[in-house]
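Please read the structure below before turning to the comments.
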Amino acid sequence: MNSELITLRKELHKYPELSGNESNTANYIQSFITKHYPGTIISNIGGPSFAVIYEFGTTGTTVAIRCELDALPIAEVNDFEHRSKNNGVSHKCGHDGHMSIVSGLIFWLQQQTFNNGKVILLFQSAEETGKGAYKMLEDSKLSTLHIDYIFALHNIPGVDLHTIITMDKGFSAEVESLIISLTGLASHAAEPEKGINPSLTISEIIQQLNAYNQSNPLDDDFAVLTPVHINMGEISYGISPAHGAIHYTIRTWNTTQMQLLKQRIEKIINKIAALHKLTYELTWLEHFPASENNNSCNTIIKEVAKEHQFNVLERPYPFKFGEDFGWFSKNYKTGMFGLGSGINTPPLHNPSYDFPDEIIETGIQMFGGIIKKLLTTK
């Protein structure tokens, strides 16, 4: 294994940056690439995101390999030498490892002699908030690259090291978050009947929305509605409050089902708010479209895994988490796969998680094999 990639991964882990603020991370990787195998770099694509381009000819297929730059607002509890030095921020989703895999492709690309085609390494900002891929797509710099295919991976704890995880229905769920803001009428706490307190409305909304949970992932109408935050009034015991809010995260397997669920939610809230004479406002945010695997891309992923004799685990349904790679799925032929990061590795977003360096080479071999499938060699 290339020791420089392990050093790179640990340095990235030491200095994590939150979504949309990854300028130092982007600069560090660009310096690493420029030092070892410089390609054409296009910076600031809809934010700190950037692309590194390696051209093997003026015609042929253009393959992009994407990774994520951002970390999470989670305090690290590990005490190893490469622990985060930025208080309250750490790489608990493995994006430091993903960046190292994609950066490591530069050494593999140096050895290739393709007749034509182009390879683009995409380093994307703000995956964790669902904004990074969307902002890249809004920037005309991306469209000028004329990408044909985009591939990505995500490490998956709880699965044997080096296992390649595929699924036919798509990689991850459609996810959106929702704020339900309610306004009634304040009154003295001794006379709540003279006001409109939002507490009963909040209670009824939670109860009725709970009925839409369909937890069986094999069902086409699979849905998870999770209340994540509730706020009402102030700590002032003489006031019956007027304002309250419920925050939800909801997820389905596809956009069609998501739109139907959103309509149902809005209908319920409108009915309950009217019954209790409150006004309301709905705010939708952090949209992660379902990451769909193009059939041909999925086939290539499986073929490459088998050629390298990696164990292939085929899931019957996608992962429930959100992944903003889904924005690319709406515009390009895309393929995303899971990479087992160890049975005993702590779960993603856990304060003690750390990316296992031994799967860096596995990721490079997978992406290299995918590129070979799509570009013609001499």
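Suppose we filter the stretch 13-32 for residues that are surrounded by fewer than 20 Cβ atoms within 10 Å (Cβ to Cβ) and either outside the structural domain of Leu109 (by TED's automatic domain parsing) or among the hydrophobic types (A, V, I, L, M, F, W, C) (or both); how many remain?
1
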Qualifying residue in the stretch 265-284 (condition: buried (at least 17 other Cβ atoms within 10 Å of the Cβ) and closer than 20 Å to Tyr149 by Cα): no
Given (1) surrounded by fewer than 22 Cβ atoms within 10 Å (Cβ to Cβ); (2) in contact with a Lys or Arg (Cβ under 9 Å, 6 or more places away or on another chain); (3) hydroxyl-bearing (Ser, Thr, Tyr); (4) under 25 Å from Pro356 (Cα atoms), index of the condition Thr62 fails: (4)
Subset of the stretch 313-330 (residues that are more than 20 Å from Glu128 (Cβ to Cβ) and either surrounded by 14 or more Cβ atoms within 10 Å (Cβ to Cβ) or not assigned by TED's automatic domain parsing to the domain that holds Ala75 (or both)): Leu313, Arg315, Tyr317
Lone unmet requirement of (1) assigned by TED's automatic domain parsing to the domain that holds Pro356; (2) surrounded by fewer than 24 Cβ atoms within 10 Å (Cβ to Cβ); (3) of a type in the set (D, E, K, R) for Glu127: (2)
Hey, Ile239 surrounded by 13 or more Cβ atoms within 10 Å (Cβ to Cβ) and farther than 28 Å from Ser49 by Cα or not: yes
The stretch 178-205, residues that are loosely packed, with under 15 Cβ neighbours inside 10 Å and not in a strand (DSSP E or B): Ala190, Glu191, Glu193, Lys194, Leu200, Ser203
The stretch 1-23, subset in a helix (DSSP H, G or I) and touching a helix residue (DSSP H, G or I) at 6+ places or on another chain (Cβ under 6 Å), residue farthest from Ile74 (Cα to Cα): Leu5
Hey, Ser43 of a type in the set (S, T, N, Q), out of contact with any Cys (no Cβ under 9 Å at 6 or more places or on another chain) and closer than 16 Å to Leu18 by Cα or not: no
Given (1) modelled with pLDDT under 95; (2) farther than 30 Å from Ile179 by Cα, number of the condition Glu292 does not satisfy: (2)
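The values are calculated or read from the model by the stated rules, or taken from the named source; none is laboratory data. The structure displayed is predicted, hence computed values, not measured ones. Reconstructed Cβ throughout: ideal geometry from the backbone, glycine too, with neighbour counts over all protein chains shown.
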